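Written below as structure tokens is the structure these notes are about.
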Amino acid sequence: VDLQNTKLSLEGQNIGIPDGRFNLQTNAGGQIELRGQTKGGPLNADIVLGEQNGANTVTVNLDADARVLGFYWPGVVGGKISGQYVLGSGPLRGDLKISDAVLQVPEAPFVQIKQVGGIFKHRNDQITLQLAGRGWNGPVVAEGLVDLAAQNWQVNATATPSVDGFARSLGASGTGRLQLQVNASGWQTVKVTARGKGSGRFSGVAFKNLLADYVFMNDPKKPNSQRNEVTFKGKTELVGSQTVQGKWAFNRSGQIAMTGTFAQKPVKINAVIDAQNVLAL
């Protein structure tokens with residue numbers, strides 16, 4: 001069976017089905033064995049047809065590549081899902097376990113969470129997520145909600161990543177620990193906001209009392225309106241003591257101001273960053 005752009009209606013409920021090619025056969029126990037391949041990876045299931053309270057029921061015991069969920073949101077780039085779906089006896093019900101998954105904001109690939117595990121509950125048009133994993137070499141805890149009818153998802157997460165993990169995602173190095181709060185939402189339009197604070201060392205420069213805010217917004221209908229920027233302020237210790245603040249739009253432009261002392265002398269530096277990330281002082 002080859003499925004493309006398909007929507008299943010069961011007892012008046014519409015369910016989006018991932019595109020793919022599937023083989024079905026009945027085993028000796030009367031179950032339907034479904035073995036398939038989707039754009040997101042393999043999707044296998046054992047299907048039991050039944051009846052409950054006069055209604056036809058379908059019980060699906062699922063084993064699939066977590067990337068199948070990319071049909072609903074393309075940020076799932078790895079992992080496994082397993083569990084059960086029940087259709088036909090009341091609202092659609094699904095209870096799944098997610099293991100060793102990888103989540104990545106498609107338009108901001110340096111925002112990545114690995115070793116994700118947790119539970120996935122699907123009730124008709126509502127999907128809830130409770131996940132834990134590791135991002136930027138630190139623990140991450142997240143809760144999410146997907147509303148298929150309203151075509152919206154949102155995820156709230158807290159994390160304590162390492163400075164080194166964050167720096168490496170940007171091609172740099174560092175030491176120390178950060179505290180991070182992330183809120184993301186969207187569907188066609190994606191918005192991610194994050195606030196981080198902490199102390200440590202970034203690219204060889206010690207810093208403390210860092211406060212940084214990150215904003216990402218993308219609306220496919222307004223390609224020139226994309227935002228992908230960080231605003232920051234903190235203290236640095238580069239052969240002296242300085243206050244540094246600035247705003248950086250990734251791969252576009254930025255401004256940095258530094259005041260304080262350097263080698264026991266007063267210093268005041270203004271800098272700009274161009275679209276090639278070249279810094280001019």
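Under the 0.36 nm per residue contour assumption, what length would be gained going from the current alpha-carbon distance of Phe262 and Trp187 to full extension? Intermediate results must be reported in sequence, preceding the final value.
Numbers: separation 75, 0.36 × 75 = 27.00 nm, distance 4.77 nm.
Stretched out fully, the Phe262 to Trp187 stretch lengthens by 22.2 nm.
Normalising by residue count, the stretch 134-281 has a Cα convex hull of 102 Å³ per residue. Dipole size of the stretch 19-147 about its Cα centre, with +1 on Lys/Arg Cβ and -1 on Asp/Glu Cβ: approximately 260 debye, rounded to the nearest 20.
Would you please classify the overall shape of the stretch 231-281 from the alpha carbon gyration tensor, given that a ≥ b ≥ c denote the square roots of the eigenvalues, rounded means a/c under 1.5, and beyond that prolate means a/b larger than b/c while oblate covers the rest? Spell out each step's value before the answer.
On the way: a/c = 3.04, a/b = 2.04, b/c = 1.49.
Because a/c hits 1.5 or more and a/b exceeds b/c, the stretch 231-281 counts as prolate.
With all protein chains kept in place, the per residue accessible area of the stretch 1-134 amounts to 53 square angstrom at a probe of 1.4 angstrom. Compared with the direct C-alpha span, the chain from Arg21 to Leu211 gains 63.5 nm at full extension, assuming 0.36 nm per residue.
Close amide H contacts of Ser241 (hydrogens built in the peptide plane, cut-off under 5 Å, sequence separation of 5 or more or a different chain): Thr261. The string of couplings for the stretch 78-95 from the Karplus curve (6.51, -1.76, 1.60, θ = phi - 60°) is x, x, 10, 10, 8, x, 9, 10, 10, 10, x, 9, x, x, 3, 10, x, 10 Hz, one whole number per residue in order, with x for Gly and Pro. Computed from backbone phi with θ = phi - 60° and the Karplus coefficients 6.51, -1.76 and 1.60, the 3J(HN,Hα) list for the stretch 53-65 is 6, x, 10, 5, 10, 10, 10, 10, 9, 9, 9, 8, 6 Hz; x is used for glycine and proline.
The residue list Asn224, Ile119, Gly204 was ranked by how far each Cα lies along the charge dipole of the stretch 117-254 toward its positive end, using unit charges on Cβ atoms, and Gly204 comes out on top. Note on the stretch 174-266: with neighbouring protein chains present and a 1.4 Å probe, carbon and sulfur make up 55 percent of its accessible heavy-atom surface.
I want the local charge near Val102. Using Cβ-Cβ distances under 12 Å, sum +1 for each Lys or Arg and -1 for each Asp or Glu among the other residues. Display every interim value, and only then the final one.
On the way: positive: Arg67, Lys80, Lys114, Arg134; negative: Asp65, Asp100.
Around Val102, the charge tally is +2.
Evaluate the relative contact order of the chain (contact order divided by residue number), counting alpha-carbon pairs under 8 angstrom at least 6 apart; express in whole percent.
Values: 756 pairs, mean separation 18.9, N = 281.
Averaging sequence separation for qualifying contacts and normalising by length gives 7 percent for the chain.
Please report, largest first and rounded to whole Å, the three semi-axes of the ellipsoid equivalent to the chain, where each semi-axis is the square root of five times an eigenvalue of the C-alpha gyration tensor. Intermediate values should be presented prior to the final figure.
Numbers: eigenvalues 458, 63, 45 Å².
Semi-axis lengths for the chain are 48, 18, 15 Å.
Sort the stretch 1-63 into rounded, prolate or oblate with this rule: let a ≥ b ≥ c be the square roots of the eigenvalues of the Cα gyration tensor; rounded if a/c is under 1.5, and if a/c is not under 1.5, prolate when a/b is larger than b/c, oblate otherwise. Mind showing how you got there, number by number?
Working: a/c = 2.43, a/b = 1.22, b/c = 1.99.
Because a/c hits 1.5 or more and a/b fails to exceed b/c, the stretch 1-63 counts as oblate.
In this simple spin-label model, placing a label point 7 Å from the Cα along the Cα-to-Cβ direction at both Gln245 and Ser199 gives a separation of 2.1 nm. Between Ala149 and Ser225, the FRET efficiency from the beta-carbon distance, with R0 = 22 Å, is close to 0.25. Each residue of the stretch 163-171 is assigned a 3J(HN,Hα), and the resulting list reads 4, 5, x, 5, 4, 5, 5, 10, x Hz, derived from the Karplus form 6.51 cos²θ - 1.76 cosθ + 1.60 (θ = phi - 60°), x at Gly and Pro.
Summed over the residues of the stretch 163-281 and divided among them, the accessible surface reaches 61 Å² per residue at a probe radius of 1.4 Å.
Might you report the magnitude of the Cβ-based charge dipole of the chain about its Cα centre, with Lys and Arg at +1 and Asp and Glu at -1, to the nearest 20 debye? Spell out each step's value before the answer.
Values: 28 positive and 20 negative charges, 291 e Å.
The dipole magnitude comes to about 1400 debye.
When the pairs Lys80/Lys235; Lys114/Lys247; Lys39/Lys222; Lys114/Lys208 are compared against a 32 Å limit on Cα-Cα distance, Lys80/Lys235 fall above it.
A straight chain from Phe110 to Ala271 at 0.36 nm per residue would run longer than the Cα-Cα distance by 55.5 nm. Label positions at Gln255 and Asn53, each projected 7 Å from the Cα along the C-beta direction, are separated by 6.3 nm.
The values are calculated or read from the model by the stated rules, or taken from the named source; none is laboratory data. Worth saying up front: this structure is predicted, and the values here are computed from it rather than measured. Neighbour counts are summed over all protein chains in view; Cβ atoms, including those assigned to glycine, are modelled from backbone coordinates with ideal geometry. Remember, those area values only see protein heavy atoms, side chains included, never the ligands or the DNA or RNA. Shrake-Rupley method; radii C 1.70, N 1.55, O 1.52, S 1.80 Å.
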